[in-house]
Structures are given as C-alpha cells and as structure tokens.
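Worksheet: one structure, shown below.
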Amino acid sequence: MADITFRKEDFIKDGERYKVEVDQGAGKGVDHIVQREDENGEYEVIQAEILRSTDERVFVAWSEPFNGKVVSDEYKKL
C-alpha cells in the first residue's frame, strides 16, 4: 500500500470530531500509522482513531482537521 495523503480541507465534521475518508488502498488486517504534518513540513506519528464503516469504508478521526498521511507497516517482517 502506498502512503495515502490528505489535506485539512478534506475533513468533514462528525459530531464532536472531524473525519476524513482514506480507504483508497487501505488494506484489511493491516496496521495503519497516521502521521500529522507540522509547521516545518515534517511528519509526527499521532494516535488518531481509525474507523471502518459497515460498508468497509476507512476513516481517520481527530479533534481538528490537519494535513497528514496514512502509512502501513505491512512492509515489516516479523
């Protein structure tokens, strides 16, 4: 799976939080890592909630919109 990038403009309000759909290529059973872009253009790992809807759509949820990306750790060899 390639990195899935998103912009803060992509988020939609969902109750008390915001969410963005990221299901383009997000694999089932794969650990996803969410990274937020800081003001220097560097990425930091955050513990954002990953939601999967009943129709298999995948979302990242957070308290506020942000520029970021989802990466997968499926490349790891155990």
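None of the figures in this text is laboratory data; all of them are computed from the coordinates on show. Here the structure is a predicted model, which is why all the values come from computation and not from measurement.
For the reader, a short list of remarks on this structure follows.
- Straightening the chain between D10 and E42 buys 9.6 nm, computed as 0.36 nm per residue apart minus the Cα-Cα spacing.
- Extension gain for N67-R52 works out to 3.4 nm (0.36 nm per residue, less the C-alpha to C-alpha distance).
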